[in-house]
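The values are calculated or read from the model by the stated rules, or taken from the named source; none is laboratory data. Computed from a predicted structure; not experimentally measured. Glycine gets a Cβ as well: all are built from the backbone with ideal geometry, and neighbour counts include every protein chain shown.
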């Protein structure tokens, strides 16, 4: 009898162990399934994979070590998968927006049939003095991301991808103008040239004799401008392209953009010469507020602390946050324009050369000048 009970006990123990293992196994499987499901729900890019030391998606790739080399805490991207999903979304949106769904085929057609064309954009990081990233589309598709812009969430990713999709126009102005226009329309973040301010307002301050040389290059096949006038060139190009697109449509704009003879194409497409179009564009710009006029509504008690920073700091990012950055950007631009208006451009240029030695140039402290500026703006 004891033997019989012993056998029963052993059998019960085995069964219990079996169900215990089965339950544990199911529990582990269930946890794995939950984790997999949660991960898939966070990022829905079905093309994402890890391959040959790269994170790869349908339209982009970035080296694993390169991604790990930067701080993405404030970049706006939670992971490489998040970044490449954004790239894929941008590619689809931009190619549809400008009417170039066949952009990859057009790139591939440039090369010999025996040349392997890699149909993805290779992203990497670069440290330089430029505020923005830049694109290369010869032999391979590459975008060099400026590290500072990336880490501070000022990346001009939509602009850079636009340059890849469209290639370069015969007019550098149209290339840059379209890129920044798309950044403003589709980009998830603002760029440091305009901080999301209306581009016609931004360009109004450059509609003067001081920038006549830069204006003369807008829409033409002339090369780029000097570093000193680069911001003016980018802003004016953006403004001119927006004017053409908003008034005549993207299809006509792209026809001029792709033309081998751009300056003749204006007359063919718009029935107006380049000079006629630029004249009407500059008249349109004049109807917008300049920074001094725009800053009047920012002269509030709420912005007192920001106003006190005007004229004393050069790094806008010290303000901490896009709303504060934009407010400071407008007020600081207004203050600088006031100095030019009241004391002349030559004195302002000397101020830049002396690293903001206000008393030496104007005979007044920055506080005195700032108070005079505020009274002027409030009196408009």
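Residues considered: 249, 219. Of these, the only one that is over 19 Å from residue 194 (Cα atoms) and buried (at least 19 other Cβ atoms within 10 Å of the Cβ) is 219. Of the helices (runs of 4 or more DSSP H) lying entirely inside the stretch 291-380, those containing at least 2 residues that are surrounded by fewer than 13 Cβ atoms within 10 Å (Cβ to Cβ) and out of contact with any strand residue (DSSP E or B) (no Cβ under 9 Å at 6 or more places or on another chain) span 304-309, 345-353, 358-362, 366-378. Considering 244, 272, the condition of being in a helix (DSSP H, G or I) and either at pLDDT 95 or above or surrounded by fewer than 14 Cβ atoms within 10 Å (Cβ to Cβ) (or both) is satisfied by 244 alone. Set side by side, the residues 277, 236 differ, and just one is within 26 Å of the chain's Cα centre (by Cα), surrounded by 14 or more Cβ atoms within 10 Å (Cβ to Cβ) and part of a helix (DSSP H, G or I), which is 236.
With 339, 351 as the choices, which residue is touching a residue at least 24 places away in the same chain (Cβ under 8 Å) and closer than 28 Å to residue 297 by Cβ?
Values: 351 fails: touching a residue at least 24 places away in the same chain (Cβ under 8 Å).
Exactly one residue qualifies, and that residue is 339.
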